[in-house]
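Take a look at the structure set out below.
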């Protein structure tokens, strides 16, 4: 009997390892999203926004426990500038709109992921980096303007959103894997740089897109080689 129990336990461990490996290697962000948690805050304001201090005395938003659905993030708290929206800080929250201040330069991984009621995100031109899965699974999100200073746009950043049109800023070097995957409403993608690279899966299952790009650009070549409708600016 003991041998049977031991054998069964080993089998369970092996099966768990197999399925965990599958979920981590697949392209479905829902498999791992519950494991990416927000950081416990050092400070918390009256709106339920939590903060942690950085070495340069700026603040990173680390958690949100408030109930305001139309959220305006403050530019400072207790005399310190808010410069980063931290990892998973607004993940799976019941917010409808968010306005990010122009002191912020980074929106970290999973920052707003799976906030399914989010319809509008106002991102300032000060933001240089939008992390992996930052807005993934925000299925009602349709109003987004990418910041002019944006340099890095992470994988899965806007996966499975309701965005209809997006303009890629000049400084973005690459559209990573699955960045705009499964965006069924996405119809137009405008590129401003000839040099922006596009990963093969960047628009995976976004079947209605049309690309606008400069002549002889990497985006135009990508569209042509993938049978995507495009026009030259």
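No lab work stands behind these numbers, since they all come straight from the coordinates. Remember, predicted model here, so these are calculated numbers, not experimental data. Every residue, glycine as well, gets a Cβ built from its backbone with ideal geometry; the counts of neighbours run over all protein chains shown.
Structure data summary
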read-out: Length-normalised contact order of the range 40-232 in % [C-alpha pairs under 8 Å, at least 6 apart]; value: 11 percent
read-out: Separation between Cα centres of the range 83-142 and the range 193-227, rounded to whole Å; value: 25 Å
read-out: Kirkwood hydrodynamic radius of the range 131-233, Cα pairs, Å; value: 13.1 Å
read-out: Kirkwood hydrodynamic radius over Cα pairs of the range 174-233, then Stokes diffusion coefficient at 10 °C and 1.306 mPa s, in µm²/s; value: 142 µm²/s
read-out: Residue exposure sequence - 42, 176 - by fewest surrounding Cβ within 10 Å; value: 42, 176
read-out: DSSP bridge pairs, the range 40-232: antiparallel proportion in percent, nearest 5; value: 25 percent
read-out: Potential lengthening between residue 174 and residue 231 on full extension [0.36 nm per residue; Cα-Cα distance subtracted]; value: 18.5 nm
read-out: Calculated Rg and Dmax of the range 40-232 using C-alpha coordinates, Å; value: 16.8, 53
read-out: Theoretical gain in end-to-end length, residue 216 to residue 54 [0.36 nm per residue, Cα-Cα removed]; value: 54.0 nm
